[in-house]
Amino acid sequence: MEVFVDHYIVLGLPSGEEGIKTSEKEITKAYRSKALKLHPDKSHDNPDAVNDFQRLQSSYEILKDENSRRDFDADLLIRIRQQKVKENRRRKMSEREERSYRTTMARVEEIKIMNMMHEREEIDRVRMMSAMEESKRMRRRYIPDDKTRARLMNNLMRNWTSQFFCA
């Protein structure tokens, strides 16, 4: 499978629809300025200088020839449109995923709130039950009936008198 090479980018020109509008003079000017930089005689320290220069020459040949440039431009436009379709699909998918995520997170928050409310209700119910039990205990302990009250008073009087008179 052949790797797609954007010849406009190789020459340092804008790609896509802007590159298609580029004139032959601009292409030639870009080629000459790049050729001066990439020529193997001027870049001894670059081991890929020969390959880079050959790629520059082939890109220039394709863009210089009217028929091959027209074919390349058509192929480039098709690739641009395909890329836009893919991006739109990804964006739609990400919007769907984001919507789903937001819905899920909203539901999770709702469940957390409901759980907190149930916990609070349970805590309040337990507190109420404890308070009611305590209240019952207090009533039993501190509010005795008449017979029990009389018996308690007799016991207290007996203990009190025995402390002072028996000692």
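The values are calculated or read from the model by the stated rules, or taken from the named source; none is laboratory data. Bear in mind the structure is a predicted one, so any value in this text is a computation, not a measurement. Note: ideal-geometry Cβ built from the backbone for every residue, glycine included; neighbour counts use all protein chains shown. Protein only, heavy atoms only, side chains kept; ligands, DNA and RNA dropped before computing areas. Shrake-Rupley method; radii C 1.70, N 1.55, O 1.52, S 1.80 Å.
The table below gives the values:
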quantity: Cα long-axis angle, helix 49-64 against the chain (0 to 90 degrees, to the nearest 10); calculated: 70 degrees
quantity: Rounded to 10°, Cα long-axis angle of helix 66-142 versus longest principal axis of the chain; calculated: 0 degrees
quantity: Degrees separating the helix 24-38 axis from the principal Cα axis of the chain, which is the longest one; calculated: 80 degrees
quantity: Shape call, segment 1-47: gyration tensor on alpha carbons, a/c limit 1.5; calculated: oblate
quantity: Area accessible to solvent at K37, 1.4 Å probe radius, in Å²; calculated: 150 Å²
quantity: Residue-averaged 222 nm ellipticity for the chain, from DSSP H runs of 4+ at -39500 (n - 2.57), nearest 500; calculated: -28500 deg cm²/dmol
quantity: Highest-first arrangement of 14-25, 117-128, where packing means the average Cβ count within 10 Å; calculated: 14-25, 117-128
quantity: Kirkwood Rh in Å, taken over all unlike Cα pairs in segment 44-103; calculated: 15.0 Å
quantity: Exposure of Y101 as accessible area (Å², to 10), given a probe of 1.4 Å and all protein chains; calculated: 140 Å²
quantity: Coordinate range along principal axes, alpha carbons of the chain, Å, largest first; calculated: 132, 38, 29
